[in-house]
């Protein structure tokens, strides 16, 4: 069905153009006209696919929401210890967000529109709860130093993930989001992971 | 001079109303009309003080820019070791930002408008460079564990500060920005500070 394929290509062009504009100047500062210009799509074609800029934002949020449960399942199914799962999952998510503008724009919209009713935020993955769960299981298996509070470490790593993403795209010349997130693990794990775990596992690589 | 005092009060009302609106919905999503409504100031009075919404944003950025060098000087002048200075300075800055909406809005504008020519960003304090400097001095004095890379720790703490601020205001029911920043120090210092430093210093308090 070439007509259907053409419609899909148009929709995809709109989604990518919107993601690029939102990523560049933010959702609020992006007029519909900028999305039309960048995608080369007419207003009529746009409204065939999306009712409004809001519904386009909702589509971007849903696109990224759908990615994380798959990523989580894949890492949980690899038979690794829970601390390695936490590290691998966070590192892969950060790299994907750094590389894929659609994912990056959707993640940013999901974070900034928490109070909105347009989209059910719960359909995504709550990183802080997921990390706290993996770290609690790590503690139960003796992979963390004694006295470490798993929920506290989860909050710190989550905050550093968010900040690494912000700074990685803001500060030119410095390391990007993925390299900064590897640093977060290297610095926090020194005081968090047990000596045995540290001696038998490779920490995320140094800044590229 | 009651007239001059009245003018100052009007200017202050505009600044606070703008900070509250920017903090609530963001700079781009705040129309001038919302600032006028919240401050109870007429359009004419507004334009007596500010040429535009942009120049008001520039004023907010300048207000926070002026606060940090003073804070830095005060902490550097207290005769503490550099690691204690880094911790105390970051904790106080985060608490001030959490408590003062004008400072919070100004800091957020300064971060998000880095590419803008409206304001010289350099007039503020570059936290990442400042932290790297204090941590390097800490390493020179033997306050850090061997093998710790001061610049890397500075980047991680800086990212976590930024993320703690974002999450502290976004996630209801969880700890606020200041409590989250104390956690950042507690978690990172375990693997970063020397055993001697840790045994002789109180770490920032537990989540309130």
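Being within 23 Å of residue B:159 (Cα to Cα), in the same structural domain as residue B:125 (by TED's automatic domain parsing) and modelled with pLDDT under 95 is the requirement here; does residue B:69 meet it? Yes; evaluated as a whole, the condition is true for this residue. In this structure, does residue B:104 turn out to be assigned to a helix (DSSP H, G or I), surrounded by 16 or more Cβ atoms within 10 Å (Cβ to Cβ) and not assigned by TED's automatic domain parsing to the domain that holds residue B:180? For residue B:104, the condition - assigned to a helix (DSSP H, G or I), surrounded by 16 or more Cβ atoms within 10 Å (Cβ to Cβ) and not assigned by TED's automatic domain parsing to the domain that holds residue B:180 - is not met. Looking at A:188, A:181 in this structure, which one is under 14 Å from the mean Cα position of the chain (by Cα) and buried (at least 19 other Cβ atoms within 10 Å of the Cβ)? Within the list A:188, A:181, the selection yields A:181.
The values are calculated or read from the model by the stated rules, or taken from the named source; none is laboratory data. This is a predicted model, so every value here is computed, not measured. Because the Cβ atoms are built from the backbone with ideal geometry, glycine has one as well, and the counts that use them run over all protein chains shown.
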